[in-house]
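What follows is one structure encoded as C-alpha cells, with my remarks underneath.
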Amino acid sequence: MALTLKGSGKIIGNKELLPPIDLTVQDHDVAAIQADIEHMDAFLSLFEQDKSYLANEIMYDGNAVAGQKELFIYSPDMGEYPRLTPEKMVRFWGQLYNVDFDTSKILTLTELTHVRTKKIKLLTYYEQKRLQFARSLIQKTSIYIFKEPTYQLDLQSKKVFNHVLEEIKKMHGVVILLTSSLEEGIRLGSKVYRLNDRGMQEVELDEEIIEQEEVKDEIPNDEELFQQRFEKISAKTEDKFILFDPLEIDYIETRERQTVLHVNNEEFYSTVTMKDLETKLLPYGFYRCHRSYLVNLQRVREVIVWSKNSYSLTLDNRNEQVVPLSKSKYGELKALLNW
Amino acid sequence: MDVRRIRILIQREFQDIIWNGQVMIVLFSALLMVGTVYILNQFGFNVDEYEIVFFNAIPSVLGFVSAFVVMYIQGNILVEEREHRTLKVLQLYKVSRAELFLAKSAITLFIAMGLLLVAMIVFRYEFLHVVGGLLFSLPMLFMFLFLGTLLAEYSKNTIEVSLYGWPIIIVYFMLEGIVNSNLNVNLIKVFPNFHVTQGFDYILRGEWATASLYIIIPILWAVLFYLLLKKKWNASDQQNM
C-alpha cells in the first residue's frame, strides 16, 4: 500500500506556488519534506482543497482519496478548547470519531497524566502541543500529515513525538512530515525530500556508507595531513572573502549542493566542497557526523538518542543548535569521544 | 447531517460554557435585567404631552434577551471556534457547518428560553400565556440567532463580535423606547419591536387570533437575516473553492 501524488502542483495567476510533484510514500514509511513555509503551505493546500481529490491527484492503495476527511492533519495553527481539560478533550475527540480507546494510555504516551484534570489554558506551550499529538492516536486513518510538529519544542516533547510516530508506524498508514529544518527531517524521516521552486528532490541517506568509503579513500594519511599548512577557511559574501579560524566554526552543512558554514549562529557560503573541508578540518577535531554535516566536536554538548535508529548532536552555542548523527556513525563517535 | 455528532458538540459546549466568563456575565446581566425591567416597568416620565417609558414588561425582556443574550452568546461561541483555532480541527473531524450551527443554536436557544421562562414567572404569567409567549418569541429569537451567526462570520474574535454588536443593540433599544412611548411614529411599524409589544398585549388578553397577526413581521425579519446569512455562507464557500 502506498500514497501517490501524481503531478500535483499549484498555480495562482501567473505564479507557480508549487511545482508539479510526483511522490510515492510506502506504507509504514515516514517521508520528511524540508521546505520553506510558502512551499509547505502550498503542499498542504493540495490536501486541503477539494479539487485535488476531484482530479484524482491523490491516490492511496491505488484508489483515489475521497477528501481531506480521510486524512489526519496536524498544523501548529490548530488549537484546543482552553476551558476543557486534556482528559475531556481526548474523550471529545474519541466521541467525535466514534472510537473506543484507553484515555489513560494516550495521556501516558503523551506525558500528560499529571495535568489530565488541569484546564488546557493553564498548560505549558509544550503540553498543549503534546495534546495535539494525542489527536493522531485517536483518529485512525491511513494518511498522517504533520506540519512543523517539532518546531520550537523542548526535548521531552520531541521525544513524545518520536513515541507517537512509533505508535503510528505500528498501525498501517503513511506519514508525511513537513519541516523547515533538514536536521529534523533527517532525524525523523525514513526518506527525506527537499521541496523548493525546482520541485521535490530526495535527499540521499542510504548512500552514507558508500560515501564514507569513498571519503576514506580520498583522505590522505596522517602524515600528509599534518604536512598541510592550512589555517583559514574562506567564505564568500557579496564582494569579499571572509577567512575563518577553523575553531570558530560550529558546524558545516551541505545545502542544495552548496557548503554552508555555521559560525556564531550566522551562515556563510563557502566555495570549498564538503569533502575538501573534511580533509582540511579533520586535524582540528571536526567529524563527519552525517553525509551532509561536518561538526566541530569541541562544540558538541549532548548526544541525544531519540530511538535506536535516530540520534542528534546538540551544540554548546547560544541557540543550542541540533545536528543529525547518522545511525552508522553513532558507534564510531562513541569510540572517538570515549564516553 | 449526523445527529450523534450534534449531540456530542452540544455536550462539549455545555462542559465549556459553564467556565465561559463572558457568557456567565451576559447571563447574570440578563437575570439582573429581568428584575430591573420589573421595577422600571412601573415608572415613566413626561416631556410636554409625551409619556416616555423605557421598558415594557416581557416585550422589553424579550428584546434584551434576543439582542443581548442570543446575539452575543451565539456570536461569541461561534467565533471562539475560529479564535481558538479549533474550527479546522472540527472540519477534519467531518463536522459540517450546519451541524456546528445547530449545536451552538441549541445551546443559545436553551439559555434564552430559560431566561424568558424565569421572566414570565416573575411577571406572574399563567401557564397558557407562558406557552403562547414562548412560541410568539421564537421569530425574534431566530432573528437574533441569525444575526449573531452573521456577526461571527464577519468577526475574527469575541472583541469584534462585541464591537459590531453594540450599534445593533443601541438601535434596537432606541426603537424600543419609541414603541413604548406614545410618540406617533408610523415608521416604527416596520420594525419587530412594535409587533412584539402588540402581540404580547393580545396574548395577555387571550386574543390569540389577533396576536398571531403580529408574528408576521418578526418572521419576515428572521427570514431576511437568514437570507443574509445564507448569502454570506455561499460567498465563503465560493472563496474556499
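The values are calculated or read from the model by the stated rules, or taken from the named source; none is laboratory data. What you see is a predicted model; the values in this text were computed from it and never measured. Here Cβ is always computed from backbone atoms with ideal geometry, including for glycine, and neighbour counts include all displayed protein chains. Only protein heavy atoms, including side chains, enter the accessible area calculation; ligands, DNA and RNA are left aside. Shrake-Rupley method; radii C 1.70, N 1.55, O 1.52, S 1.80 Å.
Structure values in brief
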| item | result |
| --- | --- |
| Set B:Ala98, B:Ala103, B:Ala112: member being at pLDDT 90 or above, away from chain A (no Cβ under 14 Å) and closer than 30 Å to A:Ile73 by Cα | B:Ala98 |
| Residue match in segment A:138-156 (condition: of a type in the set (Asp, Glu), modelled with pLDDT of 85 or more and out of contact with any Leu (no Cβ under 7 Å at 6 or more places or on another chain)) | yes |
| Elements of type helices (runs of 4 or more DSSP H) contained in segment B:3-75, each with 2 or more residues being loosely packed, with under 12 Cβ neighbours inside 10 Å and at pLDDT 85 or above | B:3-17, B:21-40 |
| Residue satisfying all of: in segment B:83-94; more than 7 Å from chain A (Cβ to nearest Cβ) and either open to solvent by less than 40 Å² (accessible area, probe 1.4 Å) or farther than 16 Å from A:Lys147 by Cβ (or both); farthest from the chain's Cα centre (by Cα) among these | B:Leu90 |
| Conditions (1) modelled with pLDDT of 90 or more; (2) away from chain A (no Cβ under 14 Å); (3) crowded, with 20+ Cβ neighbours inside 10 Å; number of the one not met by B:Leu117 | (3) |
| Failed condition for A:Glu278, given (1) over 28 Å from A:Lys232 (Cβ atoms); (2) of a type in the set (Asp, Glu); (3) open to solvent by less than 20 Å² (accessible area, probe 1.4 Å) | (1) |
| Selection from segment A:40-90 of residues that are modelled with pLDDT of 85 or more, in contact with a helix residue (DSSP H, G or I) (Cβ under 9 Å, 6 or more places away or on another chain) and among the acidic types (Asp, Glu) | A:Asp77, A:Glu80, A:Glu87 |
| Within segment A:58-143, helices (runs of 4 or more DSSP H) holding 1 or more residues that are touching a strand residue (DSSP E or B) at 6+ places or on another chain (Cβ under 8 Å) and within 12 Å of chain B (Cβ to nearest Cβ) | A:125-138 |
| Output for segment A:314-333, where each listed residue is surrounded by 13 or more Cβ atoms within 10 Å (Cβ to Cβ) and farther than 15 Å from A:Ile249 by Cα | A:Pro324, A:Leu325, A:Ser326, A:Lys327, A:Lys329, A:Tyr330, A:Glu332, A:Leu333 |
| Tally of residues being at negative phi and out of contact with any strand residue (DSSP E or B) (no Cβ under 7 Å at 6 or more places or on another chain) across segment A:144-154 | 4 |
| A:Gln212 vs. criteria under 23 Å from A:Ser307 (Cβ atoms), part of a helix (DSSP H, G or I) and modelled with pLDDT under 85 | yes |
| Some residue of segment A:77-88 being within 19 Å of B:Arg85 (Cα to Cα), of a type in the set (Asp, Glu), within 21 Å of the chain's Cα centre (by Cα) and open to solvent by 10 Å² or more (accessible area, probe 1.4 Å) | yes |
| So A:Glu183, is it of a type in the set (Asp, Glu) and surrounded by fewer than 19 Cβ atoms within 10 Å (Cβ to Cβ) | no |
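Table: residues versus (1) in a loop (DSSP other than H, G, I, E, B); (2) in contact (Cβ under 8 Å) with a residue 12 or more places away in the chain; (3) in contact with a Leu (Cβ under 6 Å, 6 or more places away or on another chain).
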site: B:Tyr164; (1), (2), (3): no, yes, yes
site: B:Ile188; (1), (2), (3): no, yes, no
site: B:Asp201; (1), (2), (3): no, no, no
site: B:Ala209; (1), (2), (3): no, no, no
site: B:Gln239; (1), (2), (3): no, no, no
